[in-house]
Structure formats: structure tokens, C-alpha cells
1. It is to be established whether one or more residues within region B:123-146 are among the aliphatic types (A, V, I, L, M), within 8 Å of another protein chain (Cβ to nearest Cβ) and farther than 18 Å from B:D66 by Cβ.
2. Anything in region C:69-104 that is in contact with a strand residue (DSSP E or B) (Cβ under 6 Å, 6 or more places away or on another chain) and at the interface with chain A (Cβ under 9 Å from one of its Cβ atoms)? List them, or say none.
3. Looking at A:V176, is it more than 22 Å from A:K204 (Cβ to Cβ), at pLDDT 85 or above and part of a helix (DSSP H, G or I)?
4. What residue, of C:I118, C:I15, is within 16 Å of C:F138 (Cβ to Cβ), away from chain A (no Cβ under 11 Å) and buried (at least 19 other Cβ atoms within 10 Å of the Cβ)?
5. Pick from A:L56, A:L132: which is touching a residue at least 40 places away in the same chain (Cβ under 8 Å) and either of a type in the set (A, V, I, L, M, F, W, C) or outside any helix (DSSP H, G or I) (or both)?
6. Would you mind telling me which numbered condition in (1) farther than 29 Å from A:E61 by Cα; (2) within 16 Å of the ligand (Cβ to nearest atom) A:G135 fails?
7. Would you point out the residue of region B:77-107, among those that are more than 16 Å from the ligand (Cβ to nearest atom) and polar (S, T, N, Q), that is nearest to B:R162 (Cα to Cα)?
8. State whether the residues of region B:31-46 include one that is more than 29 Å from A:H57 (Cα to Cα) and either within 16 Å of the ligand (Cβ to nearest atom) or small (G, A, S) (or both).
Amino acid sequence: MPLTPVDTLETESAEREYVWTLNFGPQHPATHTTLRLVLTLDGEKVLNAVPYIGYLHSGFEKLGEHLDFNQYVTIVDRMNYLSPLANEIAWHHAVEKLLGIELTPRCRYLRTILAELMRMHDHLLNLGTTALDLGGFTAFLYFFQQREHIYDIVELASGQRFHTSYTRVGGVLFDVNTDWVNRVRKFVREFPRVYEEVDRLLTKNRIFVDRTKGIGYLSREDAINFSAAGPVARASGVERDLRRDEPYLAYADLDFDVVCSKGGDCYARYLVRMQELLESLKIIEQAVENIPGGPVNIGVETDMVLPAKPAVYRSIEGLIQHFEVIMPNRGYDVPREQVYAATESPNGELGFYIVGNAETRAYRARTRPPSFIHFSMFPHLIRNHQLSDVVAVLGSINIIAAELDR
Amino acid sequence: MAVGLPENIFITKLDAAANWARSNSLWPMPFATACCGIELMATAASRHDLARFGAEVMRFSPRQCDLLIVAGRVVMKMLPVLQRIWLQMPEPKWCISMGACACSGGVFDTYAVVQGVDRFIPVDMYVPGCPPRPEQLLAAVIEMQAKVRRTGTVMGREFAIRDTPVGPTPFDMDERYRIQDANLVQLGGFSAAATGTALKGPANHG
Amino acid sequence: MVELSVLQERFGSGITEHVFRDNRRVDVPAAVLFDVLSGLKTDFGFSVLIDLTAVDWLEYEGATDRFTVVYLLLNMDSGERLTVQTALNLPNPTLTSVYSLWKAADWMEREVFDMFGITFTGHPDLRRILMPEEFDAFPLRKDYPLKGRGERHNFPVITRSGS
Ligand code: SF4
């Protein structure tokens, strides 16, 4: 297959004889998953990189046209698998905008806490593996231990530690109990200690700083032109955070800062992510102390949520309600409209563009995948750096293959 | 004993000695494509610690490994790569298919996802779950060790007799036709086919 | 906020507007699409192309066109969002590439080409991005079945003794 690099090199060095080509991936540990780069090298200098993707394309969007709004949540889970719940929240956020549902306060707080836990979940693994790729094994182990605590919290709420499929149209699967709240509190209490340790291990670590500072520079103009979002854009000085700019869930009530940096390099992205961990912790701390009471789902009279199990088993009305939701020929009204709604996922703006067609499944369920958009600027970031910087840049833009290829 | 053996000398079968050595130092090649890969990472990380079973030496070069762990879904574009990695691994080698996707396609019954890697490469152990919990993967590794001890031979004779694909019988007409076609031309040199034609990728059968 | 009348005055009266909840969308004829987009970018501050995608309307009751291509824009300074949509039809759905306006459009257009078969003239490197090069269908079109046409089974089998 002929190689036709997107932006052809102007440098005459491309014609030099000793320029050689290196195939990186699709199965390589530093890619974490599956992506392939064809690097043009002059010695160790990367002259150009051409990404090839699609090694994990599994037809998510096609499936979205065949599964209903509640079923498809199991699929979006598997999209960004570092933070499954964040995808569910984004998906149902879009669906609820299409249907015009106003969530109950308790559900909004609950989802906020989970979304922030997922942000930490994602950043923890990302920072850990970045350090791992750059030669620091300890940080990975420390952070993974914290991830296990988040797994436990999520498992307690939903029954599954990884792909939780926890949110539903108009609410969540189960309500949480005090035990759960206590466990979140415990996590909030204990996390800063580990954070400090890792901070000491990495932030001023000479090797780590040398390998990330000044690498993969992205200017503010380029970040905007490449549609970057999330920590990557904020590290380049783009002050945008959907949690603050288009508040959804309970973010309007909570107090937090948007972390930005002017650096634009891998180190800045690392710092932004580290700081966001603390901000998320702050949000969780506030939210968990203020969870409102009341029902977690919207009312059953909308025919969108399942009634409580005792009502189904003990009363005929409850049973009828249950069937109204479950039976394929029933269901609720879905407007024949198109809607785009986005949330601030750990990786950037994760949005869904849904076309409704008067049935309880989407006619078209398009994802705006942050990884896909971030990876498209990779050749721009890596040009004229060393071969060993490839892993640093890859780690710092946090590419999740399933989200990249869908 | 009639023959007086000096101290610290054991007598055993060569097969048993080889199995003992092999089973306790399985070197996995993590073929982690998707979410299951994260659980594979969790298995190797702090809490679950795969190192307790001698299988923590993840080598990312297939030429140094003897246990392929296929973690995650394998799609059309990736399958030729998987086959090539499998062929690059030296004998003796085993394969664990981890997760619903690798075993059967899982929730992804779509145009792009291969419905079970066992249709195209040999698989020794299936781990169900989406994703399997780390404990399940640990159990699979232990079970794998038992299997190596039970069936292994020093020269790998047990592999020679397994000359039929391990995948399920096809239920899809397209696939049935394909297998019929393949049997007609007697695909004797599978390895040649896999290194040569497989990398060209799929042709459209429709 | 861009007024519809301003757009109509500049780019012709073929432009219509549609509002649903907080989403505002303008429907633009394909012929003036590039002008509208570049005008929106340079004069109205829509500096970010959030997403570029397409919809196949084959099975949608009452739809008149086969495809629409959707551009989601964002004004970074005011936070205003705007959806621009244009309709296309077979046999030759073609649009002008917006790569010259937003570099982010590079891969998005390739994906739309890969999934729907819509071509973009002026794109520097329009080839398949997610599916294998040899693939000859467009999977997200509605007439392509969810389970494919057997492509996923079409590989050589490696057996144990053969490897
Ligand atoms: S089995 Fe489940 S967890 Fe594993 S790769 Fe498939 S979808 Fe992901």
C-alpha cells in the first residue's frame, strides 16, 4: 500500500539516503492498545509519522442503531474503557436531552460523584502508564492500587467492577446506601497521601522531567484548529471546561477550579492531569456530603423507568407499569429530532449526536470521540523529536483505541 | 532402593521434568487489544499480582513467549496480525482466550468483529466474562499450568495430533461456504497461507 | 449569536433554521456550504470544528435526501454552538473539503468517506481510515447489514499441527 503522508515533508532530508522507515505497532506495549504508526526516521529523529488506525473498529455506531437507549449503554461502556461510567453518563446525558428529561437532584449528585471518580480513574491509569513507559514502575503500582479502590466503590454501587452499565434513561440502576457513601468518604480521606507520594516520585524527578519537558509542544492556536479538548487543550492554554461553561448534572452547585497551563508540552499535560485529580477529589468531597434525599429515578408515570421491584411483584399497577416499559411495542414518545449533547469526559469533550425516529432506539448514534481527534494531531506533535519521545507523547494524549476506532 | 543414588539426585521422566519447568514459568505474550487488556494489567498490578504464579514475565516480543493471552476483541484488520504473532511464537506455546469477545465475539456481533479467535487460531483455554475478573484470569493461568503438566511432552508430540480447528461448527452460511471452498483446495500449508495471504487482509465475500 | 437574516443576506435565501432545545441548526445548500463555513469561521468566530459526521436517511420516514453531512461548530470565545447541515444524494455525493479551514477535518472527513462513501474534493489524502483498504462497502449506510456480508469470516485457519 503506497504511503502518502498527510502533510508531505518540505525538508529535503526526506530524500536523503539514510532516512529509514520504522513500523511501530499495531501490537506494541507502549501503544497500550492497538494503533500503528509508520515513522520516518533520520537516525533517531522522527521526520514524519503516519498513523494507521482501525485495528479495533468494531462497529459501535452501527450497533447504536439497533439497540435501544438503555441497551446501548452496555456498548458505550466499552468505548473508553479507562472510564466506562463517564461514557454512560455522556450517552444518557444526550438521550435525556433528546427526550427532554429533567433528572432528580439525587441522581444528578450521584452521577456527578461517579463522573468525577471516573475522571480520577482515567487520569490515574494514564499517569501511571505514562510513568511506566518512561521507566518509572512504582508510580504505576501506587496508582493502580487507588484504581482498585475505585473499582470497589463502583462495584458496590452497580454490581460490576468494570463495565458497570449503571445509568438508565432518567436515572440509574440502583440507589446507593450509606455504606457506599462511607466508602467514598474513606477514599477521599486516604487518596491525598498516595497522591503526595507519587507527586514526590515524579513531579521533580529529573529523568521524568527531562523526558517530558518541551516534548510534543502544542500551541494554543493549533489546539483550537485541531479541535483539541479536555486536559490536552487546557494544557495548551485553552480555557474551556464544559463542567463550568455549560454546566450539566450538579456542577453548577459545586465549587471547583478549571486547571490550565501555558506549557503545551507533555509535562504540562502531566501537571494538568495531576492537578485535576485534586480538583476531582474536591468535587467528590463536596458532592458526597451534600447528596440530596428523595428518589433517584424520575417518576414511573413517564413510562421511561422501571418501577420498584416490590411494586411489580405485589400490585397489578406495578406489573402493568413494568410491561409498559419492557414490551417492545410500547415505550415512550421520542421526538423526531436531532440533538447533540456533550459532557466533559476525562479525555475531553465526549458528545453524542443522536437522531431520534419516534422509536426507543436511535436512528443514528454518532460519538464525538476525543481520542480520535487527539490522535489526528499526533504527527504534528512528534515531528522532529526523538524516537524515544514517541511513547511520552502517546502517553500524554491518552489514546484509547476503542474510542479511537469505535 | 537397589541402586544407591548419591544425595540430591532425582530420577524422573524427561517429559515430567520439562513440564515442571515449563508450567512454572509461563511467559505470557499479552495481546491486549481492548478493555480486557486493562483487567490483564490489573491482574499483573498490585492487588492481584500474577507474579505469585510465575507468569509475570510479560514479554512483548512474541519470540520470547510461550503463552499467548488474547485479551479483547479481535477485528478484521487485526486478525492477520494476531495470526502472524501466533506463528512467530516458538514451540511449545499455548493460548488463552480471555473475555467474551475473544471467545465468541461477545456483545459485538457486527460486521467487523471476528466471532471468536478460536475459528482462526488454536486456543487452549477460554476465560468467560466481560471482562473476566482478575481472579478468573489467575484461575485460568493455574489451570493452564495443570494442563501443561498433564499433557505436555518434551518434544511437543501432543500438538502434532491436533490438526483440526478448535472453533465451533459454523452456523453462518457464508462461513460454511468458505470452509467448503477451503477444504476443496486442501489448504495444506496453513502456515504459508497465513504468512503470505493472510496479511493481504480479507476479501469481500458478499 | 449569528442571526439567520445575516446569513441569508450573505449566502442566499436557501438557508433555513431549525431550533430544538438548545441546539440551533442551519440547513445550507451544498453549493454554498464551503462559503458559509469559511464565513462562519472568519467573520463570526466559530473557530472550532467540534465534529463532522453524516447521516443516512434511507429508512427515515418522510426524508427527501439520502444523506446529510453535519458540521458541529463552536465559538470558543462566546461558547455558542451551531450545527450546519447540508443534504447530498446518490449517485455521487461530493462536498468541498474543509481541511483548509480546520486541520481537525482531516480524519473526520476520512471517516465519513470510509463509513458513508461521501467524497470530499480538495482533501489531501482521502482513503479509508477504519476499515481495511480492500473493503468495498460502506458500513454505516443503512443498506449494509449489521452483521456484514461475511467479510469477518474470510480468513485462513491455522491449526495446531500447522503452526
Ligand atoms: S470481553 Fe468485554 S471487556 Fe473484554 S474486550 Fe470484550 S467488551 Fe471488552
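The values are calculated or read from the model by the stated rules, or taken from the named source; none is laboratory data. The shown structure was predicted, so the numbers you read here are calculated from the model rather than taken from an experiment. FYI the Cβ positions are ideal-geometry reconstructions off the backbone, even for glycines, and counts take in every protein chain you see.
1. Taking every residue of region B:123-146 in turn, none turns out to be among the aliphatic types (A, V, I, L, M), within 8 Å of another protein chain (Cβ to nearest Cβ) and farther than 18 Å from B:D66 by Cβ.
2. C:V70, C:L72, C:L74, C:M76, C:R81, C:T83, C:Q85, C:W102, C:A104
3. Values: more than 22 Å from A:K204 (Cβ to Cβ): yes; at pLDDT 85 or above: yes; part of a helix (DSSP H, G or I): no.
It is false that A:V176 is more than 22 Å from A:K204 (Cβ to Cβ), at pLDDT 85 or above and part of a helix (DSSP H, G or I).
4. Values: C:I15 fails: within 16 Å of C:F138 (Cβ to Cβ).
Result of the check over C:I118, C:I15: C:I118.
5. Testing whether each residue is touching a residue at least 40 places away in the same chain (Cβ under 8 Å) and either of a type in the set (A, V, I, L, M, F, W, C) or outside any helix (DSSP H, G or I) (or both) leaves just A:L56.
6. So the condition that A:G135 fails would be (2).
7. Among residues in region B:77-107 that are more than 16 Å from the ligand (Cβ to nearest atom) and polar (S, T, N, Q), the one nearest to B:R162 (Cα to Cα) is B:Q83.
8. The answer is yes; a qualifying residue exists.
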